[in-house]
Each structure stands twice: as C-alpha cells, then as structure tokens.
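What follows is calculated from the coordinates using simple rules that are stated; it is not laboratory data. Here the structure is a predicted model, which means the values were calculated and not measured. Every residue, glycine among them, receives a Cβ derived from its backbone with ideal geometry; neighbour counts consider all protein chains shown.
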Amino acid sequence: MDRRDFLKHSGLASGYFLIPSFLKPLETLGINEGVTKKRNLIVIQFSGGNDGLNTVIPYNNDIYYKLRKNIGIKKENVIALDNELGLNPAMTAFKELYDQGYVSIINNVGYPNPDRSHFRSMDIWQSASSSKDYISTGWLGRYLDSQCQFPYQAIEIDTNLSLALKGKKLSGIATKNAKQLFEETKAPYFDSVTSYIKPEMLDEDNLGYLYKTMLSTTSSAKYIYDTQKTYTNISEYPNTEFGRQLKTAATFINSGLNTSVYYVSLGSFDTHVGQLNKQQDLLTQYSEGVSALVKNLKEANTFDDTLIVTFSEFGRRVEENASGGTDHGTASNMFIVGAQLKKKGIFNEAPDLVNLVDGDLKHHIDFRQVYATLLDKWLMADSTTVLNEKFMTLGFI
Amino acid sequence: MATPVEHILHLYKRFGFGISLEDAKLLRPKKLGEIVNELFNASIVSTGLSAVSIDSIPKAKDAMTEGMNKKELNKMINLYSENLNTDWVKQLVNTKAVVREKQTLFWHNHFACRLRNPYLMQELNNVHRQFAFSHFRELLFNVSKHAAMLQFLNNQQNKKQHPNENFARELMELFTLGRGNYTELDVKESARAFTGWSFNKDTFEYEFKEKQHDFDKKIFLKREGNFGGEDIINIIMDQKQTAYFLCKKMYAYYVNDVVDEKLVKELADFYYLNQYDTDKLLRKIALSDWFYAPKNRGNKIKSPIDFLVTLNRQFNIEYESNTTLIVIQRGLGQLLFYPPNVAGWAGGKSWINSSTLILRLRLPSMLLNSGVIDIETEDDDPDDGIMAMTKSSYKNYKTQVNWEKIITEYKTTELDEVAAVLLGSKPEEELKTIIKADTGSTKELILKLVSLPHYQLY
C-alpha cells in the first residue's frame with residue numbers, strides 16, 4: 001500500500017512523526033512492576049434476567065408445577081441434584097462439573113427493595129450499590145483502584161467496557177481480540193503520540209489524564225498481545241460467540257497474563273415469550289462453554305487458580321405469564337465454579353415458593369456478600385474499601 | 001473595544017458547539033457584551049422535537065387486538081426511538097439556537113429519565129428545551145408534573161395507603177438540594193405530600209388524584225403544615241442550598257470540572273436573588289472575566305455528544321445511515337435518551353477509558369475519510385430498545401465530507417490558528433514541530449490535529 005492509499009484508508013500517513021521514541025511507554029511504566037499475580041476470577045454475566053427457577057428446578061415442589069403449567073420442566077426431564085433441586089435438562093455438561101465437586105450453587109441471591117428494570121438492576125449489580133444509591137463506578141473498577149496499576153489487570157472479553165470494570169482512577173480494558181486491539185494502538189497517530197509523551201506531561205489535569213490513558217492503553221495492549229502469543233490454544237470450544245469469548249479468556253490465563261479479573265457476558269435471557277427453547281439454547285451454550293473452559297484450564301494446570309462466578313441482574317416471576325414466558329422478578333441463583341470450593345454442591349436452602357412478595361422470591365443472601373467473599377477470600381482485597389460497607393462473607397471458598 | 005479571537009472561540013465552544021475561524025474573525029471588532037447578546041439572542045426561539053406523535057405507537061393492548069405481536073411492536077418502538085435520537089443529534093448539529101440546546105443537554109442529564117416510550121421521552125425533552133432559560137421553579141414544576149417523570153420515578157404508585165418515596169428522594173437528592181441537606185424523615189414526609197400526583201393514561205396530562213392524596217399534616221425541613229407537592233417544591237426553592245447545588249453543577253458544566261467555591265457561592269447568591277433566572281445566570285457567566293481565564297480554557301473533556309456534534313459542525317459529515325450516529329454514541333458511552341441511571345452521566349474523566357479513548361482518537365479520521373467504522377455493538381437486552389438494537393459486526397458505515405470546502409477554509413491559515421479552532425488545548429511546541437515536519441497537505445494536517453488527544457478537550 002503506498003502512502004497515498006494509506007492516507008485514504010486510515011486517514012493518516014504511515015510513518016509520520018518519524019522521530020526516535022525517546023521514551024518507550026513500556027519502560028516508563030514498568031508494565032509488570034509491583035503487580036503480584038493473584039488468582040483469576042472469571043465473571044460471567046447472564047444479561048436480560050435469567051429465570052433461576054427453570055435453571056435450578058424445585059422439581060418436588062407442587063407450587064412450582066401449579067404456577068408453571070406450561071413452562072414447568074417435567075420432573076422426568078430434570079437432572080436431579082438432590083431430592084429437592086435439579087438442573088435444566090440443557091445442563092448435562094454442567095452436571096459433570098457438579099459431580100466432580102467443582103460447583104457451588106447459591107440460592108436466593110438478591111438485594112433489598114429490588115428493582116425490576118433491566119438497566120437499573122444491572123446498574124445495581126455492576127456498581128454494587130443499594131437500590132437507592134447511584135454509584136458511577138463498578139465493583140471491579142474499585143477493586144482496580146484499590147490495588148492495581150494497569151488496565152490489563154481486569155479484562156472484559158467484549159468491545160465495550162461495562163460499568164463493573166470502571167474505577168475512579170483506573171478502569172479495565174475491553175478486548176475480544178488481542179491482535180486487533182494491539183493494531184489499533186499501533187496505528188501511526190496513536191503510536192507516535194504515545195512515544196512523544198514525557199513523564200512531566202502526566203499530571204493531574206485532563207490532558208495529563210488523556211496522555212496517561214493513552215500510555216497505559218498502549219502498554220496494556222502490547223503486553224496482552226505479546227503474552228497471549230506465547231500460548232497456542234488448541235482446545236475445542238462450542239462454536240458460539242460465548243464459546244469464543246471463553247476461549248479467549250482461557251488463552252489469556254494459560255499464557256500467564258498477569259490479569260486478575262475476566263468479564264464475559266451471555267444473553268439475552270429476557271424470556272417474556274416462548275421461554276423454554278430460548279433458555280435451553282442459552283443454558284446449553286453456557287453449560288458446554290464452561291465445561292470446555294474448565295477442561296482447557298485443567299490441561300494447563302490453571303484451574304486451581306481460577307474461580308468462575310455467574311450472575312444475572314434478576315430472576316423471573318414465579319408464575320408464568322400468558323405467552324409461555326416469565327416476567328421480570330427478583331432473587332435468583334448464582335453459580336460458583338472452581339477446584340477450591342469449601343462448600344461443594346448446593347450451598348443453601350432451596351427457594352421458598354410459599355412466602356413470596358408480590359409474586360416474587362424473597363432474597364436471603366445479599367449479592368454483595370458474594371462479592372465480599374470473592375474480594376476478601378479469593379482476590380485478597382479489602383472488601384470494605386471496595387464495597388464501602390462491611391458485608392458478611394460466605395463459606396463457599 | 002475589540003474582543004480577542006481566542007475568547008470568542010472559547011465562548012462558542014462552551015456555550016455552543018464551536019465556531020468557524022472565519023465567523024470568529026468577523027465578530028472580533030465587537031465588544032464582548034454585544035457578542036454574548038447575539039449568541040444568546042439566537043437562542044430565543046425554541047424548536048421542539050417532533051419525531052413521535054401521541055398516537056404513533058399503539059398501546060400494548062390495542063396493538064395485540066390489531067394483530068400486532070410483541071416483536072413487531074418492539075420493532076416499531078425502536079424505530080421511533082432511533083428517529084427521536086437522531087433527530088435531536090441533527091438538530092444539535094444544525095441549529096443556530098446553540099445555547100438553548102447546550103442547556104437542554106444540561107437538563108437532559110440533570111433530570112435524567114429513561115422510558116420505553118419515545119413519545120414521553122420526546123415530550124419531556126421538549127419541556128427541558130422550552131424552559132431551558134426560565135426561572136428554575138417553572139422548569140421544576142413542569143418536569144415534576146410530567147408523565148415521563150411521574151412514571152419513571154414511580155409516583156403513579158405513590159398513594160396515601162402506600163407512599164412511594166422514589167420521586168421525593170430524587171427531587172431532593174438529584175434535582176435540588178443534593179445529598180446531606182435533608183433527612184430521611186424529610187423524604188418520608190414529602191413523599192406523602194406528592195401522593196396523588198398522577199397522569200391520564202391516554203392524554204398523558206397531569207392529574208391530581210384527590211382520593212389517593214394524603215391531606216394530613218407533614219413536617220418538612222423544619223416547617224409544619226398540610227403540605228401538598230407544590231408547597232414542598234416551594235419550600236425547597238426557598239433553600240439557598242438549591243441555588244448553590246445548581247450553580248455548582250452549571251459551573252462544572254460550563255466553566256471547569258474543578259469548581260472554584262468562592263465563585264460558585266457568588267453565582268448562587270446571584271441566582272437566588274434573581275429568583276433562579278437561568279437566563280441571567282448563564283449570561284453572567286459568559287460575561288465574567290474569570291470565564292476567559294487561561295485555566296478555564298481548553299481544559300474540559302468533551303462529552304461524547306459534544307465530540308460528535310462538534311466534529312459534524314466542523315466538517316459537515318453526511319451519513320448514509322442514521323444508525324451510524326447511534327452506533328457511535330453507544331461506542332463512546334453516551335446515547336441520548338438512555339442515561340445510565342437517574343443520576344445521569346457522571347461526565348468528566350469518566351468518559352475516558354482505554355476503549356473509548358481508542359475510539360475517540362480513531363473516529364475522526366475514519367469518519368472524515370469515509371472509512372470503515374468498525375465498532376461492534378452487542379445485543380444485551382431486546383427490551384432495552386436502541387441501546388441494543390444495533391447488533392452488527394464490522395459494518396461499513398459510509399460517510400461523506402466536502403473536503404474541498406474545508407481545505408479552502410484552512411489552506412492559508414497558520415497552524416496555531418487551525419489548532420485554536422479545532423483543539424481545546426494548544427499542542428506543545430515540540431509536538432507542533434513534529435506535525436509540521438512531515439505534513440504534506442492541508443488535509444493531512446487537519447487529520448493529524450483531530451487525531452490528537454488535544455481534540456478531546458474544549
């Protein structure tokens with residue numbers, strides 16, 4: 001491609017700013033300096049509100065079948081876990097993980113005064129606020145603020161960065177493709193401006209902040225790209241977008257990237273209409289995806305250092321609606337997958353279908369207790385600093 | 001006395017979306033007072049948005065009887081939502097009433113609201129615009145009695161038997177006093193005063209439902225009486241804290257993220273004394289010496305909308321598809337009519353993270369070169385309308401730019417002057433040398449400038 005063509009395509013002449021880079025961003029920042037490798041936390045978000053009751057099914061509860069005449073999962077199809085609860089038939093691969101003692105199911109997770117709006121409830125889960133507070137940072141972003149130095153320490157396998165990973169001082173980095181991210185930051189304009197930046201420019205004003213972000217983005221992109229290159233992932237994953245995202249996360253982990261948090265989303269679970277097929281398809285993707293991920297991590301001996309947590313912004317109404325679906329609800333279950341569980345299997349009591357509030361389940365565990373447990377016991381952070389409040393931790397790890 | 005060009009540029013960047021060098025030079029011989037007057041007078045007219053009419057979208061129930069399924073209805077709602085959004089973006093790009101639109105954007109964020117009803121969203125937006133410069137009390141009454149806000153903050157469920165505190169709480173926390181200036185008891189008591197504030201489900205007109213209203217005595221901010229909602233708002237307006245809270249936010253919006261407490265207090269005194277006359281307040285800011293102080297110039301990070309609108313005004317970009325505008329807003333983190341929550345967009349440095357910065361630095365050269373815009377957006381949630389509707393990977397969004405005109409405008413201009421128009425802060429001397437050293441054409445120079453981090457500032 002000649003110079004004119006390049007200008008036409010990228011908007012900028014290739015190789016302009018042909019000056020020696022008197023400062024190399026990597027050296028300046030010391031990309032791994034002071035970063036101690038902690039364990040990996042993979043957060044999987046079910047977007048749209050997953051129906052917890054058709055995921056972990058109270059298959060011996062008459063009320064369940066009474067309220068779900070059309071979409072109740074037939075007893076004979078449920079994959080029994082104990083004599084109360086069983087998994088959705090789509091989750092056979094997940095059941096294998098369960099049988100190996102890699103799964104802990106936490107029932108009845110929610111928060112006081114639940115909000116049934118997708119965006120508000122997701123906002124609450126991602127920022128870890130109460131339902132009457134508005135916080136513009138995410139819980140993992142504040143984890144970054146509290147003890148990390150570089151964006152790459154929390155990676156969202158996606159194009160846009162979720163609120164969950166946005167901190168006040170430091171935010172995570174979003175990428176689906178390390179090579180593409182690297183190339184974007186290697187674009188002539190980006191590259192040459194970053195090599196021109198000097199330490200004294202990195203002050204607290206907004207231009208300094210932009211320079212700093214450019215520099216840390218460039219460094220992180222290069223670091224992620226260079227590191228993940230060292231590992232060739234030949235493991236097989238389901239041929240879905242979600243499968244590919246998990247594979248990317250596994251590649252990053254197995255290549256030894258100094259990243260603590262990975263964030264992946266699967267959706268949409270908003271099953272107002274025709275729930276059965278839609279949810280089963282998504283749960284199949286989930287179950288087979290996570291199963292492949294665990295296998296891949298075990299091959300590389302990284303599963304022991306990894307914990308996978310799954311949540312959704314809310315569960316769904318106990319009673320089905322008239323369109324073969326369910327409407328927005330409240331409390332639901334969370335899955336913890338890992339090899340280091342202190343309490344394997346079903347963590348707490350099954351949902352109480354008798355004492356409902358406006359037709360919805362009552363929560364017994366605040367989701368911030370789960371976060372506090374992950375922060376204190378897995379990421380070795382201080383949950384009180386990150387969550388701005390002390391929450392009782394739980395015994396699943 | 002003539003006015004320095006850099007002051008004119010600053011005024012137009014902050015109270016509008018920029019001005020061309022040519023136009024700024026024409027204004028130079030005039031006094032600042034005259035320039036400010038002209039700028040504000042151009043905003044006397046208020047043109048509302050009209051993408052959606054009251055009967056554009058059938059009610060869910062009627063839609064079903066008309067044989068429309070939920071999917072089709074959603075599609076229809078999304079289409080109107082997209083039109084509403086892009087109509088506003090186009091108005092921002094094309095209007096002469098820039099101060100009014102700038103202040104409408106301020107209220108859009110201040111009274112943040114998000115509903116799956118584009119008609120109500122449009123009507124609330126038109127209230128923000130119509131009363132943008134009014135006495136704040138008038139705006140507040142119109143917003144508080146608006147169906148969109150009553151619905152969004154659950155005041156439909158605020159009844160004597162079961163008060164719902166949502167509206168009362170946000171009224172004080174986010175719209176007027178700010179946190180720490182009222183008690184939980186004040187929230188409870190004022191919520192009772194707003195019981196029965198409702199709207200007609202067909203016309204969306206405000207309705208007072210006497211049967212649901214609690215006529216008993218309330219104690220609010222140390223006053224006692226059988227208060228109704230109007231009394232509560234009046235008592236809140238009597239608090240000087242309300243003037244302070246609003247002035248602080250407007251100072252951060254127009255002047256500097258880092259607020260000067262002394263100046264904010266002065267502005268608050270002025271605003272309070274003038275019965276919250278927003279027009280007077282904004283003119284006062286625009287006429288103050290301190291507004292033009294170097295430390296207040298070129299130091300703010302553009303919001304995604306400021307960024308997009310300014311870029312379009314500077315280069316007259318034509319888009320083959322409206323969807324491009326939606327995709328860009330999403331990618332940059334500010335989709336109009338979709339604030340993240342009732343507190344609005346946090347603004348300032350929070351606009352910038354690795355992903356948004358890469359996009360911001362690449363976007364101008366992509367758009368100006370009719371290039372491929374490779375933003376991928378995901379489909380999180382079909383209930384969430386256009387926030388999620390643009391599922392696409394690496395689509396080509398075509399744009400057109402009349403470069404000849406732009407090159408003619410800038411051809412004979414010094415680098416410093418071009419930079420002063422396009423950029424917020426001046427590029428450092430060394431950076432300038434580097435830019436100049438390897439620059440072939442005017443087009444290349446401009447593309448380089450708009451790809452600098454300095455272009456993110458204004």
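Dipole of the stretch A:34-115 computed with +1 at Lys/Arg Cβ and -1 at Asp/Glu Cβ about the Cα centre; of A:GLY48, A:ASN77, A:ILE105, farthest Cα towards the positive end is A:GLY48.
Figure legend: label point modelled 7 angstrom from the Cα of A:LYS342 along Cα→Cβ; residues of the stretch A:300-317 with amide N under 20 Å from it are A:304-310.
For B:LYS61 and A:ASP203, FRET efficiency with R0 = 41 Å and r from the beta-carbon atoms, rounded to 0.05? Mind showing how you got there, number by number?
Numbers: r = 59 Å, r/R0 = 1.44.
Computed FRET efficiency for A:ASP203 and B:LYS61: 0.10.
Structure remark: mean-square fluctuation, Gaussian network model of chain A, C-alpha springs under 10 Å; the largest value among A:GLU288, A:GLU313, A:GLU156 belongs to A:GLU288. Peptide B:447-453 shows a mean partner chain C-beta count of 6 within 10 Å per residue C-beta. The charge dipole of the stretch B:27-185, taken about its Cα centre with unit charges on the Cβ atoms of Lys, Arg (+1), Asp and Glu (-1) only, comes to about 200 debye. Placing a pseudo-label 7 Å from each Cα along the Cα-to-Cβ vector at A:LYS295 and B:THR95 gives an inter-label distance of 5.8 nm.
Work out the mean other chain Cβ neighbour count within 10 Å for the residues of A:167-176 and drop it here as an integer.
That average works out to 3.
Are any of the pairs B:LYS90/B:LYS398; B:LYS262/B:LYS302; B:LYS262/B:LYS284 more than 22 Å apart by Cα-Cα distance, and if so, which? Long pairs (Cα-Cα over 22 Å): B:LYS262/B:LYS302. In this simple spin-label approximation, A:ARG244 and A:GLU76 carry label points 7 Å from Cα along the Cα→Cβ vector, and these lie 4.0 nm apart.
Translational diffusion coefficient, Stokes-Einstein: compute it for the protein assembly as shown using the Kirkwood radius over C-alpha pairs as Rh, at 10 °C and 1.306 mPa s, and state it as an integer in µm² s⁻¹. Numbers along the way, then the final one.
Numbers: Rh = 28.7 Å.
D = 55 µm²/s.
The count of lysine pairs in the stretch A:223-302 that are at least 8 places apart or cross chains, and whose C-alpha atoms lie under 20 Å apart, stands at 4.
What is the Å³ per residue value for the convex hull set by the Cα atoms of the stretch B:7-147?
On the way: hull volume 15.6 nm³, N = 141.
Enclosed volume per residue, from the Cα hull, is 111 Å³.
What does DSSP give for chain A in terms of the percent of beta bridges that are antiparallel, rounded to the nearest 5? Could the numbers behind the result be given before it?
On the way: 17 of 39 bridges.
Antiparallel bridges: around 45 percent, rounded to the nearest 5.
Here chain A is treated with +1 on each Lys and Arg Cβ and -1 on each Asp and Glu Cβ, and its dipole about the Cα centre works out to around 440 debye. Can you bin the stretch A:264-354 into rounded, prolate or oblate? Criterion: square roots of the alpha carbon gyration tensor eigenvalues sorted a ≥ b ≥ c, rounded for a/c under 1.5, prolate for a/b above b/c, oblate for the rest. Judged from the Cα gyration tensor, the stretch A:264-354 comes out oblate (a/c at least 1.5, b/c at or above a/b).
Can you tell me the 0 to 90 degree angle between the C-alpha axis of helix B:278-287 and the longest principal axis of chain B, rounded to 10? Taking the Cα atoms of chain B, the angle to B:278-287 is about 30 degrees. Along the axis of the charge dipole computed for the protein assembly as shown (Cβ charges of +1 for Lys and Arg, -1 for Asp and Glu, origin at the Cα centre), the listed residues B:VAL450, A:SER332, B:MET76 are led at the positive end by B:VAL450.
Hey, fewest Cβ within 10 Å first, where do B:MET149, A:MET334 land in order?
In increasing order of surrounding Cβ atoms, one gets A:MET334, B:MET149.
Between helix B:118-130 and chain B there is an angle of about 80 degrees, using the helix long axis and the longest principal axis of the Cα atoms.
Using a cutoff of 8 angstrom between alpha carbon atoms and counting only pairs six or more residues apart, the relative contact order for chain B works out to 16 percent. Distance between the modelled labels on B:ALA42 and B:MET1, one decimal in nanometres: 2.4 nm (7 Å Cα→Cβ projection).
Kindly provide the helix-only [θ] at 222 nm of the protein assembly as shown, computed as the sum of -39,500 (n - 2.57) over DSSP H runs of four or more divided by all residues, to the nearest 500 deg cm²/dmol? Don't skip to the answer; put the middle values down first.
On the way: 35 runs with 372 residues, N = 855.
Estimated from H runs of four or more residues: -13000 deg cm²/dmol.
In summary, the lysines within cross-link reach of B:LYS25, defined as a Cα separation below 20 angstrom excluding same-chain residues under 8 places away, comprise B:LYS13, B:LYS96, B:LYS405, B:LYS411, B:LYS426.
Counting only DSSP beta bridges with both residues in the protein assembly as shown, what percent are antiparallel, rounded to the nearest 5?
On the way: 28 of 50 bridges.
Just about 55 percent of them are antiparallel.
Order these by the 10 Å Cβ neighbour count, fewest first: B:ARG129, A:ARG316. Intermediate values should be presented prior to the final figure.
On the way: B:ARG129 23, A:ARG316 31.
Exposure proxy ranking, most exposed first: B:ARG129, A:ARG316.
For the residues A:ASP145, A:ASP304, A:ASP82, a GNM of chain A with alpha-carbon springs under 10 Å puts the largest fluctuation on A:ASP82.
Among A:GLN279, A:GLN45, A:GLN100, the largest mean-square fluctuation in a Gaussian network model of chain A (Cα springs under 10 Å) belongs to A:GLN100.
First check a/c for the stretch B:1-73, with a ≥ b ≥ c the square roots of the eigenvalues of its C-alpha gyration tensor; if it is under 1.5, answer rounded, and if not, answer prolate when a/b is larger than b/c or oblate otherwise.
Working: a/c = 6.50, a/b = 3.98, b/c = 1.63.
Judged from the Cα gyration tensor, the stretch B:1-73 comes out prolate (a/c at least 1.5, a/b above b/c).
Rg to Rh ratio, chain B, alpha-carbon atoms and Kirkwood radius? Before the final figure, lay out each step's value.
Numbers: Rg = 23.6 Å, Rh = 23.7 Å.
So for chain B, dividing Rg by the Kirkwood Rh gives 0.99.
Report the relative contact order of chain A, percent, no decimals, based on alpha-carbon pairs under 8 angstrom and at least 6 residues apart. Intermediate results must be reported in sequence, preceding the final value.
Details: 784 pairs, mean separation 111.5, N = 397.
This gives 28 percent for chain A.
Counting, for every residue in A:203-211, the Cβ atoms of other protein chains within 10 Å of its Cβ and taking the mean gives 6. Computed over the stretch B:263-349, the alpha-carbon pair-distance distribution with 10 angstrom bins reads 13, 29, 33, 20, 4, each value a whole percent. Which lysines does B:LYS159 reach when only Cα atoms under 29 Å apart count, and residues fewer than 8 places away in its own chain are ignored? Hits, sequence-local ones excluded: A:LYS132, A:LYS362, B:LYS59, B:LYS61, B:LYS145, B:LYS188, B:LYS201, B:LYS209, B:LYS211, B:LYS217, B:LYS218, B:LYS222.
Can you tell me the dipole magnitude for chain B around its Cα centre, using point charges on the Cβ only (Lys, Arg +1; Asp, Glu -1), in Debye to the nearest 20?
Numbers: 60 positive and 59 negative charges, 94 e Å.
Approximately 440 debye in magnitude.
Which aspartates and glutamates, if any, have their Cα less than 18 Å from the Cα of A:LYS176, not counting same-chain residues under 8 positions apart? Hits, sequence-local ones excluded: A:GLU156, A:ASP158, A:GLU184, A:ASP226, A:GLU236, A:GLU241, B:ASP374, B:GLU376, B:GLU378, B:ASP379, B:ASP380.
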